[in-house]
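Student: One structure follows; several queries about it will come next.
The values are calculated or read from the model by the stated rules, or taken from the named source; none is laboratory data. The structure presented is a predicted model; accordingly, all values stated were derived computationally and were not measured. All Cβ positions, glycine included, derive from the backbone under ideal geometry; neighbour counts span all protein chains shown. For the accessible areas, the whole protein counts, side chains as well, though only heavy atoms, and no ligand, DNA or RNA atoms are used. Shrake-Rupley method; radii C 1.70, N 1.55, O 1.52, S 1.80 Å.
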Amino acid sequence: MYMKKFTLLLTALAALFSFSCSKKSDTVKMGTNAAFPPFEWIEGSEVVGFDIVVSNLIARDYGKQLKIVDMSFDGLIAALQAGSIDFIAAGMTATDERRKNVDFSEPYYSSKQTIIVRADTNNVASVSDLNGKSVGVQAGTTGEIYVTEELKNISIKSFKTVIDAALALKNGAIDSIIIDELPAKEIVKRNSDLKIVDDDFLTDEYAIAVRKGDKELLDSINKTIRTIKENGVYQKLSDAYMPVDGNVKILTAEQL
């Protein structure tokens, strides 16, 4: 009787294993925060942007279909660790603190932090002039980390998206914003009552994040990054999403 039950148990386990293998997903899930142009934003009903095209190329090279999961930036790493997503492409800076929880790809973009103020502001020429003022940041970003650790005598207000921060600035709820350069340029381009303060105070590098130890996916992502830099695709994306004249062109992976 014991042997019969044991045999049935082995049979059930074998069937379960076979079922699990046969159900291996044909999609790879990318987590992002689609309020960070020109890297990711919502156009109509679609999530578009530089990171979206790169992610589609990553998925294609990995032999999967891409599924985009839009969520708050400060929840991305937790979602990755929980297995809700497979990688993060969200203009995320590869900091030492984040490396404790995720593995990062090779850098794919170099950026810097930028200050935005209202256009009629005349007393902010550098980051040191923010003393005594209120500063808006996006929750979980490098900008938030910087102002928290480096700036004193300021009032910090965190927002879910940079767009929310921009609205607060326009409405007078805060005095300034610290965010990444390209999203800052996009916000100012769309809001003539805001301006950028030209001050180089912090540079950073964006990378793709995967779960700790996911070497197979990480190796594939790094291969894609190297390939698009070598074959001219990266330059085409840069020309489209970061044009000198400011007129962004939306591309798809199929066009490259």
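Student: What are the extents of the Cα atoms of region 107-172 along their three principal axes, in Å, largest first?
Tutor: Extents along the principal axes, in whole Å: 36, 24, 19.
Student: Starting from the alpha-carbon convex hull of the chain, give the projected area averaged over all orientations, in nm².
Tutor: Hull-based average projected area comes out at 17.4 nm².
Student: For a distance above 20 Å, tell me the whole-number percent of Cα pairs in region 84-220 that qualify.
Tutor: 47
Student: Now a separate question. Please state the charge dipole magnitude for the chain, taken about the Cα centre, from unit charges on C-beta atoms (+1 on K and R, -1 on D and E), reported in debye and rounded to the nearest 20.
Tutor: 1220
Student: Something else: Between region 62-90 and region 216-256, what's the alpha-carbon centroid distance in Å?
Tutor: Cα centroid to Cα centroid, the span is 20 Å.
Student: For the Cα atoms of the chain, what angle does the longest principal axis make with the long axis of helix 215-230, in degrees from 0 to 90, nearest 10?
Tutor: It works out to around 50 degrees.
Student: Once Rh is set to the Kirkwood radius over Cα pairs, what Stokes-Einstein translational diffusion coefficient, in µm²/s, holds for region 154-250 at a temperature of 25 °C and a viscosity of 0.890 mPa s?
Tutor: For the chosen part, D equals 149 µm²/s.
Student: Continuing with this model, one more query. So which lysines can Lys170 reach, going by Cα to Cα under 30 Å and dropping same-chain residues fewer than 8 places off?
Tutor: The reachable lysines, counting only those whose Cα sits under 30 Å from Lys170, are Lys112, Lys133, Lys152, Lys157, Lys160, Lys185, Lys189, Lys195, Lys249.
Student: Out of Val233, Phe201, Ile179, whose Cα points farthest toward the positive end of the dipole of the chain (charges: +1 Lys, Arg; -1 Asp, Glu; placed on Cβ)?
Tutor: Of the listed residues, the answer is Val233.
Student: In addition: Rounded to the nearest 5, what % of DSSP beta bridges with both residues in the chain are antiparallel?
Tutor: Of those bridges, close to 60 percent are antiparallel.
Student: For region 94-235, give the share of DSSP beta bridges that are antiparallel, in percent and rounded to the nearest 5; count only bridges with both residues there. The partial results should precede the final answer.
Tutor: Details: 15 of 22 bridges.
Here the share of antiparallel DSSP bridges comes out near 70 percent.
Student: Let me ask something else about it. So how tilted is helix 50-61 from the main axis of the chain? Cα-based, degrees 0 to 90, rounded to 10.
Tutor: That works out to roughly 20 degrees.
Student: May I pose another question? Please name which of Asn191, Ile154, Val210 has its Cα lying farthest along the dipole of region 152-233 towards the positive end, using unit charges on Cβ (Lys, Arg +1; Asp, Glu -1) and the Cα centre as origin.
Tutor: Working it through, the farthest residue towards the positive pole turns out to be Val210.
Student: Next question, about the same structure. Lysines near Lys215 by alpha-carbon distance under 24 Å, same-chain residues fewer than 8 away left out - which ones?
Tutor: Filter leaves Lys23, Lys24, Lys29, Lys64, Lys67, Lys100, Lys223, Lys229.
Student: Largest first, what is the accessible-area ranking of Lys64, Lys189 with a 1.4 Å probe?
Tutor: Lys189, Lys64
Student: Rounding to the nearest 20 debye, state how big the charge dipole of region 146-255 is about its Cα centre with +1 on each Lys and Arg Cβ and -1 on each Asp and Glu Cβ.
Tutor: With Lys and Arg at +1 and Asp and Glu at -1, about 360 debye.
Student: Which of Asp204, Asp193, Asp51 moves most in a GNM of the chain, Cα contacts under 10 Å?
Tutor: Ranking Asp204, Asp193, Asp51 by mean-square fluctuation puts Asp193 first.
Student: Any chance you could list the semi-axes, whole Å, largest first, of the equivalent ellipsoid that the Cα gyration tensor gives for region 76-152, using √(5λ)?
Tutor: 30, 13, 12
Student: Spin-label point model (7 Å from Cα, Cβ direction): what's the Lys67 to Asn101 distance in nm?
Tutor: Result: 2.2 nm between the two label points.
Student: Right, something else. Among Pro37, Gly63, Gly132, which residue has its Cα positioned farthest towards the positive end of the charge dipole of region 28-147, with +1 placed on the Cβ of Lys and Arg, -1 on the Cβ of Asp and Glu, and the dipole taken about the Cα centre?
Tutor: Gly63
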